[in-house]
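Comments concern the structure below.
The values are calculated or read from the model by the stated rules, or taken from the named source; none is laboratory data. In this text the structure is predicted, and so the values were computed from the model without any measurement. Here Cβ is always computed from backbone atoms with ideal geometry, including for glycine, and neighbour counts include all displayed protein chains.
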Amino acid sequence: MKNNSNKVVSVRVVPSNPHTIINSQSQKRIHPRTSTDFDVTIKPVSQGDFSGILNIQVDEKPFDSITLKGIVELPHLDLNPREINLKWINGGSGIVSTDGLRDFVRLRNHLNVPMTFKWNTESVNEGFEIYPESGTLMANTNQDCEVSYKFLLKCGKLPTKKALFVLSTCVEGPISIKGIPSQLEVQIRLPQPKLITSSKRIKLGDVPWGLDVQKYISLKNVGNGPAFVKICAIGELNSVQLTFGNTPVEIRSQEEASFEITVNSRNTGYFQVPISIKHADKEVMQMLVQGNCVFPNVDIFPETIHFTLDNCEEKSGGNGIPTGEKAFAKVTAFRYDFYPHLIINGRKIEQRFCRISEIAIPPLVNIYPRKIIFNIYQMSNNATGILTQVKFEICVPFFCGKI
């Protein structure tokens, strides 16, 4: 209110409706050529049309009145649309498990107060996301929220075709008011894939016992929609182990993917194991892994190894052997003739390894020295009575030859 007079006036606002409240001061003094504001709050008790009168008094005398009109409704946000169909675009280059499917929903706050919002969904709706999940929408403004879906390869199966998001709202202020919740229904529409392969029989041929054998198979998706492929064995045998690489994986329309299969068997003989090809946890094809487990036969050459053992040691006495001692030649001989065990993959097999034996040649004995000289000294008296020394040399011959 503005005072256009040249004197100070006292202005008072008196509401006729008990649900209309004048905040702060309902009576104020206004100086000449100045203005002031009155804060009015409406607290209706029921929905529908609302009307009221504000009586203006100047200097305690009736002066004028203001009519209030409005529509009372619980706070809520308008959704547009209320249903979303997430569709796959044929020929698109996106990957559902990486890029996902997406669309937008618009929130509109048509009230003249700010509102907070929050999206909630059930935990079973795996793969669905909405952003932002929460926020504040100012008065008379809009907000776009992105709804997206990504296929969870680790989960292995598609969720329910419909996901329900619930939007809760609230007006924050001196008195918090919860708004009317709204619902957004999201549906997934994906075209069906179609998987083909050149052969449904995986022939491994001879598989060595206990060794890993790898084989690659190729699957092509000739359908219009993406295929979420997972491979697993059906009724796997205890003696045959199958492992599958790079699975699960997404194969886009008109594309091809290769899968590695590793087979390990510990039971000799023919075997066959069926495997299941699944899309989104639903079997769409069966294949058969066939092979013959054989124990390895090792070619050994030569079959016999002969070698000579040099096990004689020479014993010598230098320049001679003192009297009373003996000299010996040390001769040691061993006989080798056996078959070592052949071990493959930690298992001893019946097949013999090569024969290892010693050539039966007697060892040579070298004796040194070839003769030993014994010096014998004897004292004697001659006719002159003088002692003389006589030296005798005795030669003992030795031989060198075979024993």
Which listed residue is aliphatic (A, V, I, L, M) and at pLDDT below 60, from Val331, Val240
Val331
Look at segment 75-110 and say how many of its residues are surrounded by 12 or more Cβ atoms within 10 Å (Cβ to Cβ) and modelled with pLDDT under 80.
9
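Answer with yes or no whether Ile202 is farther than 26 Å from Phe151 by Cβ, within 29 Å of the chain's Cα centre (by Cα) and surrounded by 15 or more Cβ atoms within 10 Å (Cβ to Cβ). It would help to see each step written out before you state the result.
Working: farther than 26 Å from Phe151 by Cβ: yes; within 29 Å of the chain's Cα centre (by Cα): yes; surrounded by 15 or more Cβ atoms within 10 Å (Cβ to Cβ): yes.
Yes; evaluated as a whole, the condition is true for this residue.
Please work out if Pro159 is part of a loop (DSSP other than H, G, I, E, B) and modelled with pLDDT of 85 or more. Quick ask: steps written out before the conclusion?
Numbers: part of a loop (DSSP other than H, G, I, E, B): yes; modelled with pLDDT of 85 or more: no.
Against the criterion (part of a loop (DSSP other than H, G, I, E, B) and modelled with pLDDT of 85 or more), Pro159 does not qualify.
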Of the candidates Ser182, Ser276, Ser258, the one satisfying the condition of being in contact (Cβ under 8 Å) with a residue 24 or more places away in the chain and either among the aliphatic types (A, V, I, L, M) or over 30 Å from Phe128 (Cβ atoms) (or both) is Ser258
Assess whether Lys61 counts as being more than 17 Å from Ile251 (Cβ to Cβ), at pLDDT below 85 and among the basic types (Lys, Arg).
no
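Among the residues of segment 231-280, which ones are charged (D, E, K, R), assigned to a loop (DSSP other than H, G, I, E, B) and within 17 Å of Lys220 (Cα to Cα)? Show your work before the answer.
Filtering segment 231-280 down to residues charged (D, E, K, R) leaves 236, 250, 252, 255-256, 260, 266, 278.
This time we only want the ones that are assigned to a loop (DSSP other than H, G, I, E, B), so: 236, 252, 255, 266.
The answer is Arg252, Glu255.
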Which one of the conditions (1) surrounded by fewer than 15 Cβ atoms within 10 Å (Cβ to Cβ); (2) modelled with pLDDT of 80 or more; (3) farther than 30 Å from Lys282 by Cβ does Leu137 fail to meet, given that it meets all the rest?
(1)
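Per-residue answers, yes or no, for (1) at negative phi; (2) outside the structural domain of Val113 (by TED's automatic domain parsing); (3) without any contact (Cβ under 8 Å) to a residue 24 or more places away in the chain; (4) assigned to a loop (DSSP other than H, G, I, E, B):
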residue: Asn4; (1), (2), (3), (4): yes, yes, no, yes
residue: Val14; (1), (2), (3), (4): yes, yes, no, no
residue: Arg29; (1), (2), (3), (4): yes, yes, yes, no
residue: Pro44; (1), (2), (3), (4): yes, yes, no, yes
residue: Phe50; (1), (2), (3), (4): yes, yes, yes, no
residue: Leu54; (1), (2), (3), (4): yes, yes, no, no
residue: Asp64; (1), (2), (3), (4): yes, yes, yes, no
residue: Thr67; (1), (2), (3), (4): yes, yes, yes, no
Does segment 213-227 hold any residues that are loosely packed, with under 15 Cβ neighbours inside 10 Å and part of a strand (DSSP E or B), and which are they?
Gln214, Tyr216, Ser218
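Asn112 - would you say it is assigned by TED's automatic domain parsing to the domain that holds Gly135, under 26 Å from Asn140 (Cα atoms) and not in a loop (DSSP other than H, G, I, E, B)? Quick ask: steps written out before the conclusion?
On the way: assigned by TED's automatic domain parsing to the domain that holds Gly135: yes; under 26 Å from Asn140 (Cα atoms): yes; not in a loop (DSSP other than H, G, I, E, B): no.
No.
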